[in-house]
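Please read the structure below before turning to the comments.
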Amino acid sequence: MTSLQSESGTPVAASRVDLSTEIPSPGGPLRLAHPIMPASGTFGYGEEFEPFVDPAVFSAIIGKSISRERRTGNPPPRTIETPAGMLNSIGLQNPGLDAFVESYLPRMAQYGVPVIVNTVGRTLEDYVELTRVLDVEPAVAGFELNISCPNVNEGLQFGLDPEATRALVAAVRAETKLPIIAKLTPNVTDIGEQAVAAEEGGADCISVINTLVGMSVDWRKRGSRLGRATGGLSGPAIRPVALRMVWQASQAVSVPICGIGGITRPEHVLEFLVVGASTVQVGTHLFRDPACLTRWLDEIRDLAHDEGLERLSDLVGTFEAAG
Ligand SMILES: Cc1cc2nc3c(=O)[nH]c(=O)nc-3n(C[C@H](O)[C@H](O)[C@H](O)COP(=O)(O)O)c2cc1C
């Protein structure tokens, strides 16, 4: 490991590169040891990962979307591999709010890193009620609003309409001072407009992207390889789209961006930071390599150190557009 000179002239070891970041909120910033979190729906509520990795290797835990009612999800098959990615049609299966608070949240709280609850509803009132109940739970450090799931019939209604996004975020804002992350869909033509709507509603952070609507067709069957016609595409195949949307969203708003989509290497984390993300989430890749983060943090420190950076956050938004 090489060592660089800091401004004060003392050598800086890679291990000293500051990876920390924060998500602001009316109640004070949520401080994170580093920018990497698990993407909702790819990490359960942490417990399935315990045999492979200490969930606290992530800077915060984000679990599968929680709705007020228990949901059983869509008929199988619900996942299928695609070139450089996968399609899923899980359909927001989850234990429901009461069981989550009683059985899952206490376990997540023990991991020792902030718990950000990803919520989903059919109506604005659903999101408000979820926030009201969860806001008083000491274990909850923030919210990610899933207004972008393509796998349920009503899942995208808020995320496709700037007015609905603004109203929803504002209604949730009235219930909590904790950080609100609005998770946007890539299935729109103008991600900047959606990001602005979420920011105007009071979001503290914008996460992009959820999955892209896709299909996998068995022509002999004249039908889908999934249990429903369409699914959500994730994994490396969507990374170029995600990078573009993070870049566009970061130019449209002043709140921080959380970049999601196709991250499979430490360098990809840095790419997302350069185009404007200050945090990221890793999703589909966790199915292949659930313990990847135990190696990535050191690798990221080394990469940043070799680039002469003392703070990883100095990379955020440094993209220089050509032409
Ligand atoms: C199997 C599966 C289930 C998912 N479930 C949810 C979910 O419940 N809520 C949500 O907001 N996003 C969900 N997502 C989307 C991911 O959080 C993430 O936005 C997307 O997969 C892109 O990141 P990736 O390419 O790293 O997987 C799911 C993704 C997958 C693959």
Grab the Cα-Cα distance for residue 298 and residue 189, subtract it from 0.36 nm times how many residues apart they are, and report the gain in nm with one decimal. 35.5 nm
Once the convex hull of the alpha carbons of the chain is built, what does its volume come to per residue, in cubic angstrom? 143 Å³
Placing each pseudo-label 7 Å from Cα in the direction of the beta carbon, residue 161 and residue 47 end up separated by a distance in nanometres of 3.8 nm
Quantify, in whole percent, the carbon and sulfur part of the accessible surface of region 93-136 (1.4 Å probe; protein heavy atoms only). 47 percent
Which angle between 0 and 90 degrees, to the nearest 10, do you get for helix 293-306 versus the longest principal axis of the chain when only C-alpha atoms count? 40 degrees
Could you sort 309-317, 208-216 so that the peptide with the highest average Cβ count within 10 Å comes first and the rest follow in order? 208-216, 309-317
Relative contact order of the chain, please, whole-number percent, based on alpha carbon pairs below 8 angstrom and at least 6 residues apart. 20 percent
Using heavy-atom solvent-accessible surface (probe 1.4 Å) with all chains present, what is the largest-first order of 285, 305? 285, 305
Against the longest principal axis of the chain, how steep is helix 162-173, in degrees 0 to 90 to the nearest 10, with axes from Cα atoms? 70 degrees
Give me the extension gain from residue 254 to residue 306: residue separation times 0.36 nm, minus the current Cα-Cα distance, reported in nm with one decimal. 15.8 nm
For residue 103 and residue 135 in the same chain, what is the full-extension length gain: residue separation times 0.36 nm, less their Cα-Cα distance, in nm? 9.8 nm
When DSSP beta bridges are limited to those with both residues in the chain, what percentage is antiparallel, rounded to the nearest 5? 40 percent
What is the percent carbon and sulfur in the accessible area of region 236-323, measuring with a 1.4 Å probe over the protein chains and ignoring ligands? 48 percent
Highest mean first, what order results for 195-204, 224-233, 45-54, 295-304 on Cβ atoms within 10 Å? 195-204, 224-233, 295-304, 45-54
For the chain, report the accessible area per residue in Å² (1.4 Å probe, heavy atoms, rounded to an integer). 43 Å²
In degrees, nearest ten, helix 191-201 long axis to first principal axis of the chain (Cα): 90 degrees
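The values are calculated or read from the model by the stated rules, or taken from the named source; none is laboratory data. The structure displayed is predicted, hence computed values, not measured ones. Here Cβ is always computed from backbone atoms with ideal geometry, including for glycine, and neighbour counts include all displayed protein chains. Accessible surface areas use protein heavy atoms only, side chains included; no ligands, DNA or RNA. Shrake-Rupley method; radii C 1.70, N 1.55, O 1.52, S 1.80 Å.
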